[in-house]
Ligand SMILES: Nc1ncnc2c1ncn2[C@@H]1O[C@H](COP(=O)(O)OP(=O)(O)O)[C@@H](O)[C@H]1O
Ligand code: SF4
Ligand code: SF4
Ligand SMILES: [Mg+2]
């Protein structure tokens, strides 16, 4: 579907040329050099990707291009030429014209570019009429056409709606329609799919790629996700601490990164096309980006760099190291390769073995990821990989059948049967009947002692609700929850309270999950006191220090407040709070999805280590399938409040039985440009139906290509099709 | 705001860079003025016997309706009482009633609204419908009706005002607690095993007070002007108690003797402005987004 690589032709005249751009924030604390000497060009019809962790200057670069910055930000020097004209010298009226008709921008949160109180029609038509090229009737007709082109099913109705009446994915389509309404020469997309589900993300990326091809619109795509960049962009810039540290073709940068930071980014993410059992730990570089107020004088990456040499105390320049490939690193400029970090001072050196395998799955001839995973032959785990990475008893035979194995985790710790939770919506009128969101609708789930169960599904499918029911933050309408033999589904709060010692939770949002008015010590001492685990001040202080030590934070940081920590550190505090009571079971609701990839790898490694050391059992909720496969023993796929499929992780990804699972797996982008380009994608159209009135019979039938009349009449039961592999589909495995 | 809305976009390239002091002044300068006004009135309320040699009720009919002079700085009223002295003493009752009404109203409203949001269910339904009921009357008219029914007097007027005052705090507290209780850190407190009372006291209330403090500050001026209004209409204080609203009422017909009504009018104005300025500053200070600017 994405056969021809967009914009991958001979060099074209540049639409945008940026040279030595410097944008700074003049804050109370000092000058922040957010963008510090960035240069690049974008050819006509080209798609350029910019990657880097949050705070590396990606968004400020994008905003500088359109001069959208507000005080205290200032562009202090540099040049921006758009179609040969100097953007920094433009008058306000020239800028207005540029922003509407020359360059357009879409954001991560489409609500920031849509006015919530105006109908879509007003906003879209005004944008078109503002530049005088269309009359009102013409503009409206074009608006409807554009919305249809962006994949909105009933554009005539959509154009008369308000932004809040759309889902996130639909809003992004509307924002794209607005951006494209004057056929700009350049579209800047700043993390356009970060807030979306994989299935919707795949749709939006497909759309961007079509716009790029059909209209010849040049695209600057900003993302922290290398997979997203891989499919769409021909060239990639990697940014770190306000500088470009590497630039090159997507293939080159993703498969053979020449800067240690890009190398770390590429290796920090678990990938669906690699065997996760080869080594459980990910390559996580320790530390955090430098304080923007006082960057190190030499190479800015030096404090975290495993390849550091003496010369790195001088600041390196961005230099050509191969055709069209530039790097800002003394080591690679000297011709060295980054393949073998064996001597590197990484906390996770055994990963080195895996880096060598990097191109294993990407041999020519292997088409899509689904085919690829299927055709992968059974492979014994290497002894070294197992010694380090697979501490738990794992079956040595990785074939799909795996019959005759002993179940590795005999005793169930948690057994959920027929769990139901419907939330009442506010009534629309006094005499209207109550309407209910069928958030969780008859879910069965077993978690055995010591295992990790992954829970995946699109947003709104009930993952978080299920977690909150198990922890009895919400009370289920019906069903049973057996935790260590205790029935807690309807138990009174007082009965559950002592059990909470064994059952803890880690939350998604590292900012919202800690009370900002309490110090770290106060946060950690609360659970200790409640359960009488420490009473005297000395005991508490000792235990708090110990907990901070366990999650690798400074044991002396107890007196500090949460806002003094970064997102990743806050998530560590959150984990320490859960560990305070020495639980046996931890439910983690998307614990890493708000974090940068490198921090994700750090937290995943931490959770894996804690599991080994403390014998924890996890229920791990995530929407990132690669992460789930990486960490889980078994995976549960949820769709609209019901379980669609349950299977051991390897079986689920190797041979999914439910059509929905196959679509989910296919939607995950793979951070390798050559694989991504060859890949045959299964596209799941549309969005999940409303959970207020779920479809009769099989809930997936409205989007299922296999749907037959029976699917609308009889809800399929969750049946065991292979050993330990359950699916709820009348035609399981026939897709 | 659309991204292409030029109005909101400064042309950052040419914008001047402000110093720290300039930014502080821009952010809190008005609030500092407000705070100074309030402080001055407080000092006056406490120290008024030392600031004037006249008593507020010292009648001297021979000196009635004298214009401002060296002896009577703000003139005298119909009974020959010194307007300046009455103005100073009047600050006591204004500040007192303002604080009593707002603090008691806020305390009761917050408690009721917060509890409603925390308990949910029928109790919440009942309490919130009750607040709706009170809020659908124009406040001053409802207070007027209740005060008239209870009879003239400071206490009765305060009671009447309290009846109309608590619902807005109940509304605000209700929505604040609703927002907080679904925050992840509150869920974390439940998961840890804290009891509801502790969750409310330790987690929800400290995070919900900010907007309540803002409303209290802004509302003090409001309460003072309402009380003055009721006194102006003949409710409120019993004569001869010095009170700004009733002083304005006494001077209402005296077009020639403007000083009788004008000065207490200015006094009301300054207090109300002072609290509004201060409230805006408190809001900026509590809002981290506005603070960064
Ligand atoms: N407290 C609540 N009140 C009403 N609806 C809710 C509530 N919590 C969740 N829902 C709804 O339940 C459905 C499942 O939500 P959730 O469990 O958060 O899904 P997920 O975690 O998979 O994204 C969604 O439609 C959501 O809007
Ligand atoms: S210059 Fe040195 S410190 Fe910087 S990235 Fe290269 S090897 Fe690492
Ligand atoms: S039961 Fe029918 S509609 Fe549902 S997934 Fe299976 S084939 Fe599709
Ligand atoms: Mg969720």
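Couple of notes before you dig in:
- Residue satisfying all of: in the stretch A:438-471; away from ligand 3 (no atom under 16 Å from the Cβ) and modelled with pLDDT under 90; surrounded by the fewest Cβ atoms within 10 Å (Cβ to Cβ) among these: A:459
- Those residues of the stretch A:443-465 which are within 8 Å of ligand 1 (Cβ to nearest atom) and either away from every other protein chain (no Cβ under 14 Å) or part of a loop (DSSP other than H, G, I, E, B) (or both), in sequence order: A:457, A:458, A:459, A:460, A:461, A:462, A:463
- For residue A:700, the test of being in contact (Cβ under 8 Å) with a residue 60 or more places away in the chain, touching a helix residue (DSSP H, G or I) at 6+ places or on another chain (Cβ under 7 Å), more than 14 Å from chain B (Cβ to nearest Cβ) and away from ligand 2 (no atom under 16 Å from the Cβ) is passed.
- Set B:223, B:228, B:197: member being assigned to a helix (DSSP H, G or I), away from ligand 3 (no atom under 16 Å from the Cβ) and without any contact (Cβ under 8 Å) to a residue 60 or more places away in the chain: B:197
- Scanning the stretch B:68-102 for residues that are under 14 Å from the mean Cα position of the chain (by Cα) and farther than 25 Å from residue B:220 by Cβ returns no hits.
- Taking first residues from the stretch A:651-677 that are within 11 Å of residue A:273 (Cα to Cα) and partners that are within 16 Å of ligand 4 (Cβ to nearest atom) and modelled with pLDDT under 95, the Cβ contacts under 6 Å between residues at least 6 apart in sequence or on separate chains come to A:668/A:198; A:668/A:625.
- Check on residue A:517, over 26 Å from residue A:649 (Cβ atoms) and either more than 16 Å from ligand 2 (Cβ to nearest atom) or within 12 Å of chain B (Cβ to nearest Cβ) (or both): yes
- Count of residues meeting criterion [within 16 Å of residue B:224 (Cα to Cα) and crowded, with 18+ Cβ neighbours inside 10 Å] in the stretch B:141-155: 4
- So residue A:581, is it more than 29 Å from residue B:210 (Cα to Cα), within 11 Å of another protein chain (Cβ to nearest Cβ) and within 16 Å of ligand 4 (Cβ to nearest atom): no
- Residue within the stretch A:50-60 that is at the interface with chain B (Cβ under 8 Å from one of its Cβ atoms) and part of a helix (DSSP H, G or I) present: no
- Whichever residue in the stretch A:83-95 is in contact (Cβ under 8 Å) with a residue 12 or more places away in the chain and part of a helix (DSSP H, G or I) and, among such residues, is surrounded by the fewest Cβ atoms within 10 Å (Cβ to Cβ): A:88
- Single residue of A:514, A:528, A:499 found to be away from ligand 3 (no atom under 16 Å from the Cβ) and in the same structural domain as residue A:420 (by TED's automatic domain parsing): A:499
- Selected residue (only one of A:326, A:280 is more than 16 Å from ligand 3 (Cβ to nearest atom) and either at pLDDT below 90 or within 30 Å of residue A:648 (Cα to Cα) (or both)): A:280
Each row is one residue, and each column tells you yes or no for (1) within 30 Å of residue A:193 (Cβ to Cβ); (2) without any contact (Cβ under 8 Å) to a residue 24 or more places away in the chain; (3) touching a strand residue (DSSP E or B) at 6+ places or on another chain (Cβ under 6 Å).
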{"residue": "A:446", "(1), (2), (3)": "no, no, yes"}
{"residue": "A:453", "(1), (2), (3)": "yes, no, yes"}
{"residue": "A:481", "(1), (2), (3)": "no, no, yes"}
{"residue": "A:490", "(1), (2), (3)": "no, yes, no"}
{"residue": "A:505", "(1), (2), (3)": "yes, no, yes"}
{"residue": "A:513", "(1), (2), (3)": "yes, no, no"}
{"residue": "A:520", "(1), (2), (3)": "no, no, no"}
{"residue": "A:532", "(1), (2), (3)": "no, yes, no"}
{"residue": "A:543", "(1), (2), (3)": "no, no, no"}
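- Qualifying residue in the stretch A:72-79 (condition: closer than 19 Å to residue A:192 by Cα, at the interface with another protein chain (Cβ under 9 Å from one of its Cβ atoms), under 31 Å from the mean Cα position of the chain (by Cα) and not in a helix (DSSP H, G or I)): no
- Criterion applied to A:671, A:656 was being within 16 Å of ligand 3 (Cβ to nearest atom) and away from chain B (no Cβ under 14 Å), and the one residue passing it is A:656.
- Out of A:694, A:688, sole residue that is farther than 19 Å from residue A:719 by Cβ, part of a loop (DSSP other than H, G, I, E, B) and at pLDDT 85 or above: A:694
- Residue check, residue A:710 more than 16 Å from ligand 2 (Cβ to nearest atom) and crowded, with 21+ Cβ neighbours inside 10 Å: no
- Qualifying residue in the stretch B:271-281 (condition: farther than 17 Å from residue B:98 by Cα and modelled with pLDDT under 90): yes
- Within the stretch A:322-331, the set of residues being over 15 Å from residue A:255 (Cα atoms) and either buried (at least 21 other Cβ atoms within 10 Å of the Cβ) or within 16 Å of ligand 1 (Cβ to nearest atom) (or both) comprises A:328, A:329, A:330, A:331.
- Any hit, the stretch A:473-494, residues being surrounded by 18 or more Cβ atoms within 10 Å (Cβ to Cβ), assigned to a helix (DSSP H, G or I) and away from ligand 1 (no atom under 16 Å from the Cβ): no
The values are calculated or read from the model by the stated rules, or taken from the named source; none is laboratory data. Owing to the predicted nature of the structure, the values given are computational and were not obtained by experimental measurement. Every residue, glycine among them, receives a Cβ derived from its backbone with ideal geometry; neighbour counts consider all protein chains shown.
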